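Notes for the one structure printed next.
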Amino acid sequence: MGDGAGAGGDLITTAERVHRSVESVIEGKPEVVRLALTVLLAEGHLLIEDVPGVGKTMLAKALARSVDCSVRRIQFTPDLLPSDITGVSVFDQQRRDFEFKPGAIFSQIVIGDEINRASPKTQSALLESMEERQVTMDGQTYELPSPFMVVATQNPVEMEGTYPLPEAQRDRFMARVSIGYPSPSAELRMLDVHGGASPLDGLRPVAHAHEIVKLIDVVREVHVAEAVRRYAVDLVAATRGHPELRLGASPRATLHLLRAAKACAALQGREYALPDDLQALAVAVLAHRLLPTSQAQLNRRTAEQIVLEILRRVPVPDPSAQSWRTAGRPPGVREL
C-alpha cells in the first residue's frame, strides 16, 4: 500500500499525532475523536449533534486546527443565503464580464456551526459540494480542494429556532456522533485546562494536508473480502424492510459504511476489514439516515435501538470459512 515501510510508518505516525492533538482539547472522549479521524480518512463528512455546551464546535475546531490546511467557518443563521456558502458571480466593469467570487465552501475543512438554524433552502446549498466535491454556478463547474471535509454541528430538533435537516442532506453525512456530557473527572480536568484560556489558542498543526491525502490513499487500498461486503449490504437492506422504519438506509449508506470500515481497519493496524469494523460503525453511519414510523416513535423506539437490533439479527459471516486477509500489507501500519 505504499512505496516503503518507512513511508507507511510515517503516515500512521501522522494519524497518531492528529488523534493526540484533538484529544488534548476534548477531554475524556477518545471514541468520539477516533470516529472524527475515521471519517476524515474515509473522505466523509461528520455531523455532530448534541445539546448546547458539550463541545461540538470545540471538536470541529480542534480537528481543523490540527491539520495545516485551509479552514473556513460558516455560522448558519436564518438569514444566511445559499450564495454565502457557494459563491456568487459579480459583473466586472473593466472586463465587461462576470467574475466568480468563491464562497466559504471553497476550503479543505469547512466548519458548519449550528447547521439546522438555517433554512432548508440554504442547507441544500451544500448538497452538490458534499457529494461531488464541486460547485456549479452559471453553467461553470468549480472543483473543491482535497482533502475536503464538512464538519457540521447541530442542536437537537427539539431546541427552539431549529429546522430539521432534509433527508437528502442527512444522507450526505457519513456519520453522526453525539459527544455527551463528560465524566466528573474529565469535567474537573476541563476546569483546570479551560478555566484560564481556551486550549485551542495553543493548538498548532501537527499534520499537513498532503499527509492527509496520502493517508486517504492508504485507506483506499485496505482490502474488503466479498463476505464482508455482502454483510454490509445485508445490514443496510435490513433497514429497508424493517416494520418500524418508514425510510431505510440508501445505497450511499452502504458505500459510506464500507469506506468507514476500511479507515477503521487501517487505524487498528490491519490491511483488511472485518465484520467487527462494520458493527462498530453501524450506529454512527446508519442511524441518522433512518426515519422511524409514528408507532415506533410512540413506543419511544429510536433509530439507534433499531440498528442495534438489526446487528443482533443479521447473521455474521463465519470467520472459520472466510479469509479476510490478502497477501499484501500496508508498510509500517500499526494500531493507533
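Largest first, how would 66, 323, 198 line up by accessible area (1.4 Å probe)? Let's see the in-between values first.
Details: 66 0, 323 85, 198 45 Å².
So the residues, ranked largest to smallest area, are 323, 198, 66.
Just tell me which lysines come within less than 17 Å, Cα to Cα, of residue 262; anything on the same chain fewer than 8 places away is out.
Within the straight-line limit of under 17 Å, residue 262 reaches these lysines: 214.
Please list, or write none, the lysines whose alpha carbon is within less than 23 Å of the alpha carbon of residue 56, excluding same-chain residues fewer than 8 places away.
Residue 56 reaches 29.
Rolling a 1.4 Å sphere over the protein heavy atoms, what is the accessible area per residue of the chain, to the nearest Å²?
Numbers: 15590 Å² over 336 residues.
Spelled out: the 1.4 Å probe surface of the chain, per residue, equals 46 Å².
Select one label from (i) 25.5, 84; (ii) 20.6, 72; (iii) 19.6, 58: the one whose number is Rg and Dmax of the Cα atoms in Å as derived from the coordinates shown.
Of the listed options (i) 25.5, 84; (ii) 20.6, 72; (iii) 19.6, 58, (ii) comes from this structure.
Among 20-32, 261-273, 300-312, how do they line up from the highest to the lowest mean number of other beta-carbon atoms within 10 Å?
On the way: 20-32: 18.8, 261-273: 23.7, 300-312: 16.4.
With the highest mean Cβ count within 10 Å placed first, the list reads 261-273, 20-32, 300-312.
I need the calculated FRET efficiency for the pair residue 229 and residue 170, taking r as the beta carbon distance and R₀ as 30 Å, to the nearest 0.05.
Details: r = 24 Å, r/R0 = 0.80.
Approximately 0.80, to the nearest 0.05.
Between residue 308 and residue 185, what FRET efficiency comes out of the Förster formula 1/(1 + (r/R0)^6) with R0 = 25 Å and r the beta carbon distance, rounded to 0.05?
Working: r = 28 Å, r/R0 = 1.11.
My answer for the efficiency is 0.35.
The values are calculated or read from the model by the stated rules, or taken from the named source; none is laboratory data. Here the structure is a predicted model, which is why all the values come from computation and not from measurement. Cβ: placed from backbone, ideal geometry, glycine included. Neighbour counts: every protein chain shown. What goes into the accessible areas is simple: the full protein's heavy atoms, side chains included, and nothing from ligands, DNA or RNA. Shrake-Rupley method; radii C 1.70, N 1.55, O 1.52, S 1.80 Å.
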